[in-house]
Amino acid sequence: MKQLVTGLMLILTIGLSHAQPTTDTLQMTLPQAEDLFHQHNLSLLATRLGIDEYRAYQAQARLFANPAIYIEQMPYNQQSREFMPLAQSNSEQVIQVQQLILLAGKRNKQMALAATNTQLAADRYEDLIRTLVYQLRSTFYELHSLRESLQVYDQEIGTLNQTVTLYQQQYDKGNVPLKDLARLKAYLFNLSTERQQRLAQIADDQSNLAVLLNEPPTLVIQPVLTDTDLSMERNPARLTLDSLLAKADRNRPDLQAYRHQAKSEQQNLALQKALAVSDLTLQGTYDRNAGYIPNYFGVGVGASLPFFNKNQGNIQAARIRTKSSQQATSAYELQIEGEVQSSLLKARQADQLYRTFDQHFNADFGRLIDGVTLNYRKQNIDVVEFIDFFDAYKNNQIQYIQLQNDRLQRLEELNLAVGTNAFSN
């Protein structure tokens with residue numbers, strides 16, 4: 001019976017091992033992630049096709065109106081009783097050719113409007129890149145921070161597990177009290193719970209990063225920060241608000257989209273006014289057996305008379321949209337000024353706090369906690385002091401990692417607000 005149970009457990013274990021999805025791990029720097037993002041992101045590929053769509057509309061606006069032809073043939077001659085007569089003496093044919101001539105510069109105005117709409121689509125594409133690149137970089141830094149924190153928890157839990165095992169043995173021998181062992185196990189459980197929370201956040205960031213890079217969710221990405229990412233040369237205290245506002249004015253594609261939208265409304269207003277002007281229709285006519293003379297040729301000009309419909313409603317609506325877009329642009333300019341000012345302030349605060357943190361303190365604290373662990377196992381310090389030191393070490397490590405991540409996040413928010421690298425010339 002025991003052999004049967006063992007065999008079933010073995011089969012179940014093999015089955016579960018085959019059922020688990022295989023995962024691949026890939027170390028990746030931020031430049032590598034950005035290259036992959038630009039090549040494979042589905043949202044970018046879809047939006048890029050939208051620009052081609054508006055270019056097609058722009059090409060359509062350059063085309064002239066097609067000429068129209070009208071042919072009339074006598075189907076039956078009642079006098080000669082012939083069907084579809086073609087002889088000169090007993091048939092009648094009429095041929096007319098018409099060509100529409102747009103006046104008031106309608107074609108040029110349509111072309112200008114189509115060109116602005118194409119530029120507007122390009123602005124939205126660039127703004128999508130700006131937003132998604134920020135999400136990529138922010139998620140990349142956040143995932144790196146979480147994995148660094150996870151290493152701290154793994155190190156502490158591993159050390160604490162050894163200590164709990166030794167204390168369990170001493171408790172079984174009656175050498176240590178139960179309350180000390182319970183305190184250690186409670187703290188170990190607390191560390192494991194915090195670690196589990198980090199794992200859940202890592203799973204979310206991993207999923208988001210896989211979507212941004214259009215990679216399978218089974219690919220485990222391990223972010224690697226370079227010296228460029230951690231460089232202290234990027235000091236927001238050296239930046240001035242005026243220079244950043246000037247950069248945002250030039251580089252924010254969403255602001256350019258507002259401006260091109262206002263320009264588009266102005267061009268539409270000009271087009272609506274031009275549509276109030278009647279167009280000309282040139283016509284040439286040939287009549288084989290006209291009532292006046294045979295083989296009649298005539299030239300005519302036609303135009304609608306704008307007595308009732310002068311496109312008044314569309315012109316008024318275009319005026320309203322023009323004013324509305326201008327006001328919206330002004331409001332958005334003020335919003336961007338606020339975003340740049342706020343992001344600069346937060347970047348300076350995060351950078352200053354990070355610079356005040358003694359990075360050598362971590363190494364000293366690490367050596368100290370090793371000594372504390374050894375003295376606790378020798379029972380030179382009690383469990384309360386040991387847990388206090390252990391918790392302080394954990395908090396110190398996590399705080400340093402969080403400060404580093406906060407600085408990187410605030411710098412990325414500043415780049416997002418400016419629309420480009422805030423530290424570039």
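The values are calculated or read from the model by the stated rules, or taken from the named source; none is laboratory data. From a predicted model like this one, the values you see are computed outputs, not experimental measurements. Please note: Cβ atoms are built from the backbone with ideal geometry, for glycine as well, and neighbour counts cover all protein chains shown.
For region 96-152, which positions are more than 24 Å from Thr29 (Cα to Cα) and of a type in the set (Gly, Ala, Ser)? Those that are more than 24 Å from Thr29 (Cα to Cα) and of a type in the set (Gly, Ala, Ser): Ala104, Gly105, Ala112, Ala114, Ala115, Ala121, Ala122. Given the structure, is Thr131 farther than 30 Å from Arg259 by Cβ, hydroxyl-bearing (Ser, Thr, Tyr), in the same structural domain as Leu199 (by TED's automatic domain parsing) and in contact (Cβ under 8 Å) with a residue 12 or more places away in the chain? Criteria not met by Thr131.
Residue count for region 366-391, restricted to those that are at pLDDT 75 or above, in contact with a Phe, Trp or Tyr (Cβ under 8 Å, 6 or more places away or on another chain) and within 12 Å of Glu156 (Cα to Cα): 3.
Residues are listed down the side, and each one gets a yes or a no for (1) over 21 Å from Lys273 (Cβ atoms); (2) assigned by TED's automatic domain parsing to the domain that holds Glu92; (3) without any contact (Cβ under 8 Å) to a residue 40 or more places away in the chain; (4) polar (S, T, N, Q):
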residue: Asn289; (1), (2), (3), (4): yes, yes, no, yes
residue: Asn295; (1), (2), (3), (4): yes, yes, yes, yes
residue: Val301; (1), (2), (3), (4): yes, yes, yes, no
residue: Pro306; (1), (2), (3), (4): no, yes, yes, no
residue: Ile320; (1), (2), (3), (4): no, no, yes, no
residue: Lys323; (1), (2), (3), (4): no, no, yes, no
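Evaluating Phe297 against the criteria (1) surrounded by 14 or more Cβ atoms within 10 Å (Cβ to Cβ); (2) assigned to a strand (DSSP E or B) leaves one unmet condition, (1).
Every condition in (1) at pLDDT 90 or above; (2) surrounded by 12 or more Cβ atoms within 10 Å (Cβ to Cβ) holds for Ala331 except the one numbered (2). Note on region 33-85: residues that are in contact (Cβ under 8 Å) with a residue 12 or more places away in the chain and part of a loop (DSSP other than H, G, I, E, B) amount to 6. In the set (1) at pLDDT 95 or above; (2) farther than 13 Å from Asp287 by Cα, the condition left unmet by Val97 is number (2). Among the residues of region 107-152, those identified as of a type in the set (Val, Ile, Thr) and farther than 30 Å from Leu271 by Cα are Ile129, Thr131, Val133, Thr139, Val152.
Yes/no per residue for (1) within 26 Å of Val94 (Cβ to Cβ); (2) exposed (fewer than 12 other Cβ atoms within 10 Å of the Cβ); (3) within 60 Å of the chain's Cα centre (by Cα):
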| site | (1), (2), (3) |
| --- | --- |
| Asn289 | yes, no, no |
| Tyr292 | yes, yes, no |
| Val301 | yes, yes, yes |
| Ala318 | no, no, yes |
